[in-house]
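See structure below.
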Amino acid sequence: MTKRAFITGITGQDGSYLAELLLSKGYEVHGLIRRASTFNTSRIDHLYVDPHEPNAKLLLHYGDLSDGARLVTLLAEIQPDEVYNLGAQSHVRVSFDEPEHTGDTTGVGSIRLLEAVRMSGIATKYYQASSSEMFGATPPPQNEDTPFYPRSPYGAAKVYSYWVTKNYREAYGMFAVNGILFNHESPRRGETFVTRKITRAVAAIKAGKQDLLYMGNLDAVRDWGYAAEYVEGMWRMLQADEPEDFVLATGGNYTVRDFLEISFEHAGLNWEDHVRFDERYLRPTEVDALVGDASKAQEKLGWKATVHTPELARIMVDADIEALKHAGNHWIDGVDLDSWKN
Ligand code: NDP
Ligand code: GDR
């Protein structure tokens, strides 16, 4: 029997890698996409097959995590074996500008989806995209037993989603799990997250199209892994015998300054010649250090990160240098946008 999966956030970084993985395993993949005035499917266009073709296995549906009735209808129609809730307003800095919207999609959106699963009466497994941001001010190393202390509206919304997922597991016996993922990046990472902002700037500076890069707090410590590996961990959580929560992380420990240095050096540049401070990129409350301990995932799921931060930075710089060769003037627009977007 062909397995069927439903993914919210399929147009995002993780959604695109997860869709690829599930299609490669023979799944029929259904994705929730938001109606927008422009196309927003660039990360999954390479997977698209005309739905009129008999072998089409990627099917997209309009909807939104703010629209509970639509979620019930869709789930009843699709009857998925697995639901992956990756949809969210996922930018921490932006969550201070749009706290209510972030609470509605990143927090309440999850209970809308859990309720939709319950109300449609389907026996599906549910994955919740929980985040290391939930640990916030609690010092590293962080694992499944570390207390939460969120430091942003985003982090607080994710804590809510974490607890309702656990509650639906306990209250209704649902196979519902939290993957508590530390930062994971890739050439498909959104352009305003710090790693991609840096690697795009390196490519543009190297090509002589940009000179300066404005940044916020360079002292923040993060544990940056490779997104393509992390979606494998998500899938394994839903194949386990028992529903349990897992941390996925590399265990590495790098500052934003380290990431700058590795990325610029890879392109033969000195970061200090190009990076300037702009307080607009500071957050009202910062998360100083996130370093994960993923030993439970290694022991019970056989999952272990193999790409560590320095290699990841080099992969991303190479990809952005290559992308710039084909981007023309469009690229410059993107760089300019970064300076007011995040
Ligand atoms: P992205 O920001 O790349 O993708 C977010 C996705 O959510 C997009 O597909 C977006 O659609 C969709 N979305 C946003 N708002 C809504 C809404 N109201 N209704 C339906 N869909 C919506 O995030 P990532 O792929 O990086 O992350 C995936 C998930 O994992 C997110 O929940 C994130 O918070 C969480 N996470 C991410 C980590 C990381 O390091 N990447 C670490 C830990 C957790 P659109 O394309 O239309 O904007
Ligand atoms: P984060 O990712 O907040 O960890 O959330 P981000 O890349 O935005 O920031 C990481 C750190 O870099 C510092 N920083 C800057 N950040 C951005 N975006 N732009 C800058 O110019 C800049 N300068 C310094 C930040 O202050 C921060 O300390 C990501 C998201 O994917 C979440 O959805 C996810 O849950 C967590 O990772 C785990």
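Any read-out appearing in this document is the output of simple, stated calculations on the displayed coordinates, not a laboratory observation. Quantities reported herein were computed from a predicted structural model and do not represent experimental measurements. Counting neighbours? That spans all protein chains shown, and the Cβs are built from the backbone with ideal geometry, glycine included.
Observations on the model:
- Separation of alpha-carbon centers, the range 226-264 and the range 38-58, rounded to whole Å: 27 Å
- The packing ranking, built from the mean of other Cβ atoms within 10 Å per residue, places the peptides 281-290, 54-63, 256-265, 13-22 in the order 13-22, 256-265, 281-290, 54-63, highest first.
- Solution diffusion estimate, µm²/s, Stokes-Einstein, the range 79-234, Kirkwood Rh from C-alpha pairs, 20 °C, viscosity 1.002 mPa s: 125 µm²/s
- Helix-derived mean residue ellipticity, 222 nm - over the chain, DSSP H n ≥ 4, -39500 (n - 2.57), to 500: -12500 deg cm²/dmol
- Computed label-point distance, nm, for sites ASP50 and LEU212 using a 7 Å Cα→Cβ extension: 5.2 nm
- Cα-based helix-to-principal-axis angle, 329-341 vs the chain, degrees rounded to 10: 80 degrees
- Summing Lys and Arg as +1 and Asp and Glu as -1 over all other residues whose Cβ lies under 9 Å from the Cβ of ARG283 gives a net charge of +1.
- The value obtained for the range 1-86, namely the Cα convex hull volume divided by the number of residues, is 101 Å³ per residue.
- Label sites at HIS61 and ASP219, each approximated as a point 7 angstrom past Cα along Cα to Cβ, lie 4.9 nm apart.
- With respect to the chain, whose longest principal axis is taken over its alpha-carbon atoms, helix 309-327 is tilted by about 80°.
- Angle in degrees between helix 68-78 and the longest Cα principal axis of the chain, rounded to the nearest 10: 70 degrees
- Largest GNM mean-square fluctuation among GLU229, GLU53, GLU28, using the chain with Cα springs under 10 Å: GLU53.
- Over the range 58-151 - Rg/Rh using Cα atoms and the Kirkwood inverse-distance radius: 1.03
- Fraction in percent of alpha-carbon pairs per bin - 10 Å, the chain: 5, 25, 35, 25, 9, 1
- For the pair TYR149 and THR255, a Förster radius of 25 Å applied to the C-beta separation gives a FRET efficiency near 0.75, rounded to the nearest 0.05.
- As a rough guide to protection, the peptides 299-307, 159-167 ranked by mean Cβ packing within 10 Å, highest first, stand as 159-167, 299-307.
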